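Accompanying notes for the structure given below.
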Amino acid sequence: MDRLIEAIEDKQNPSVVGLDPTDKLVPAPVMDAYAVEAEEQVESDDNLAATAAAAAYFEFNRAIIDAVYDIVPAVKPQIAMYEALGPAGIDCYTMTCEYAQSRGLYVIGDVKRGDIGSTAAAYAHHLTGFQGDDVWFEDAVTVNPYLGSDGIEPFMEAAGQADRDMFILVRTSNPSSSQIQELELADGGRVYEHVADLVEDWGKDSIGRFGYSRAGAVVGATHPKEGAALRERMPHTFFLVPGYGAQGGTAQSVAGMFDHNGSGAIVNSSRGIIGAWRNDEQYSDSLEPESALELVAANARAAAADMRDQLRVALA
């Protein structure tokens, strides 16, 4: 986690922007412009709509990255939004990751992989690339621990080999997470607490110079009390904290997930930043695509700066 912590210290901002585009979050003028362009320039494509959407998503992402790269240390593209478009979407995902890295941002690939054996090892190529080539352009990935250490070890090995990181789901922000994560164990503990102990143990041999291992944990902003308790329980585990903003998390609610030095966590906001333009009275579906993207960028920058400032106050 050393590179991520350095990036956070450089920007004095423990926040990450989730790049999760949909056809509702990308302004209509942008979506429409690329639909027309695809019809005019692509001679043969059975997936014309997906190809057009992927192009629109990338320009949307690029506008946001250009607007926030000097404010935030990291971005977190959610791969599902891109996979929904098929091959064109995967191209958009990797192009987005590569472009973000070119702007100096740490990239967390929100892929939530979870499998065992050779399949887990194949998924772990998200971190190591293929035959020496970096094909995904991610600095870290998210991983589901449900299959136990068999599903984690290939990622830990890959992370060590490539000097990259991973974030393992522990206490997620969605409401129904309690159906499994809060189940009581025979010793009186909860499932998520047992997973937390496993994550801390899995990372014990990869602790960096800031005291945190390569095995981070996903801990939702919607569970402030549990998050604060997990911070004490997991002293060497860096937290990725989703659920800020649109899901109800606030700067005050996540403050307990940081350590005594104001480190140990990075907080994610997706819709609250990339969709901030939707609250701008200057927006209209009649705008030119370039003007719409300028509005997206201006509002994303303002929202990212506001989140940074709120976190600074909460952690002061």
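May I ask you to list the residues in the range 230-249 that are in contact (Cβ under 8 Å) with a residue 24 or more places away in the chain and assigned to a helix (DSSP H, G or I)? Lay out the reasoning, then the answer.
Within the range 230-249, the first condition is being in contact (Cβ under 8 Å) with a residue 24 or more places away in the chain, and the residues that meet it are 230-231, 233-249.
Within the range 230-249, 230, 231, 233 qualify.
Need pairs with beta-carbon distance below 7 Å; first residue closer than 18 Å to residue 63 by Cβ and of a type in the set (Phe, Trp, Tyr) and within the range 83-95, second assigned to a helix (DSSP H, G or I) and open to solvent by less than 80 Å² (accessible area, probe 1.4 Å); sequence gap 6+ or separate chains.
These pairs meet every condition: 93/79; 93/82.
Could you look through the range 151-175, keep only residues that are modelled with pLDDT of 95 or more and open to solvent by 50 Å² or more (accessible area, probe 1.4 Å), and pick out the one that is nearest to the chain's Cα centre (by Cα)?
Among those that are modelled with pLDDT of 95 or more and open to solvent by 50 Å² or more (accessible area, probe 1.4 Å), it is 163.
Collect the residues in the range 177-198 that are part of a loop (DSSP other than H, G, I, E, B) and out of contact with any strand residue (DSSP E or B) (no Cβ under 8 Å at 6 or more places or on another chain), keeping them in residue-number order.
Residues satisfying the conditions are 185, 186, 187, 188, 189.
Would you please name the residue that is nearest to residue 245 (Cα to Cα), looking only at residues in the range 292-312 that are of a type in the set (Gly, Ala, Ser) and in contact (Cβ under 8 Å) with a residue 40 or more places away in the chain?
The qualifying residue nearest to residue 245 (Cα to Cα) is 304.
Which residue, of 249, 245, 216, is on the phi < 0 side of the Ramachandran plot and at pLDDT below 95?
Answer to the check: 249.
Anything in the range 250-282 that is outside any helix (DSSP H, G or I), touching a residue at least 24 places away in the same chain (Cβ under 8 Å) and over 18 Å from residue 19 (Cα atoms)? List them, or say none.
Once the filter is applied, which keeps residues that are outside any helix (DSSP H, G or I), touching a residue at least 24 places away in the same chain (Cβ under 8 Å) and over 18 Å from residue 19 (Cα atoms), the range 250-282 yields 250, 258, 259, 262, 263, 264, 265.
Failed condition for residue 195, given (1) surrounded by fewer than 23 Cβ atoms within 10 Å (Cβ to Cβ); (2) under 23 Å from residue 251 (Cβ atoms); (3) touching a Pro at 6+ places or on another chain (Cβ under 8 Å); (4) of a type outside the set (D, E, K, R), with all others met?
(2)
Which members of the range 93-119 meet the condition of being open to solvent by 30 Å² or more (accessible area, probe 1.4 Å) and either within 26 Å of residue 304 (Cα to Cα) or small (Gly, Ala, Ser) (or both)?
95, 98, 99, 101, 102, 103, 104, 112, 114, 117, 118
Could you list all residues from the range 116-144 that are part of a loop (DSSP other than H, G, I, E, B) and out of contact with any helix residue (DSSP H, G or I) (no Cβ under 6 Å at 6 or more places or on another chain)? Walk me through it before giving the result.
Applying the first criterion (part of a loop (DSSP other than H, G, I, E, B)) to the range 116-144 yields 116, 124, 129, 131-132, 134-139, 144.
Answer for the range 116-144, where residues must be part of a loop (DSSP other than H, G, I, E, B) and out of contact with any helix residue (DSSP H, G or I) (no Cβ under 6 Å at 6 or more places or on another chain): 129, 131, 132, 134, 135, 139, 144.
Give all pairs with beta carbons closer than 6 Å in which a residue from the range 208-223 that is closer than 15 Å to residue 144 by Cβ meets a residue that is open to solvent by 10 Å² or more (accessible area, probe 1.4 Å) and not in a loop (DSSP other than H, G, I, E, B); count only pairs at least 6 apart in sequence or on separate chains.
Listed by first residue and then by second, the contacts come to 215/202; 218/169.
Please count how many residues of the range 228-272 are under 17 Å from residue 168 (Cβ atoms), more than 18 Å from the chain's Cα centre (by Cα) and open to solvent by less than 30 Å² (accessible area, probe 1.4 Å). Break it down into steps so the answer makes sense when it comes.
Going through the range 228-272, the residues under 17 Å from residue 168 (Cβ atoms) turn out to be 230-231, 233-243, 257, 264-266, 268.
Retained after the next criterion (residues that are more than 18 Å from the chain's Cα centre (by Cα)): 230-231, 233-236.
Filter once more, keeping what is open to solvent by less than 30 Å² (accessible area, probe 1.4 Å): 230-231, 234.
Total meeting the criteria: 3.
If you take the residues of the range 164-192 that are touching a residue at least 60 places away in the same chain (Cβ under 8 Å) and in contact with a helix residue (DSSP H, G or I) (Cβ under 9 Å, 6 or more places away or on another chain), which of them is farthest from residue 248 (Cα to Cα)? Let's see the steps before the verdict.
First, the residues of the range 164-192 that are touching a residue at least 60 places away in the same chain (Cβ under 8 Å): 165, 167, 170, 172-173.
Okay, now just the ones that are also in contact with a helix residue (DSSP H, G or I) (Cβ under 9 Å, 6 or more places away or on another chain), so 165, 170, 172.
Details: 165: 27, 170: 19, 172: 13 Å.
Among those that are touching a residue at least 60 places away in the same chain (Cβ under 8 Å) and in contact with a helix residue (DSSP H, G or I) (Cβ under 9 Å, 6 or more places away or on another chain), it is 165.
The values are calculated or read from the model by the stated rules, or taken from the named source; none is laboratory data. The structure displayed is predicted, hence computed values, not measured ones. As a convention, Cβ positions derive from the backbone with ideal geometry for all residues, glycine included, and neighbour counts pool all protein chains shown. Surface areas here come from the heavy atoms of the whole protein model, side chains and all, with no ligands, DNA or RNA. Shrake-Rupley method; radii C 1.70, N 1.55, O 1.52, S 1.80 Å.
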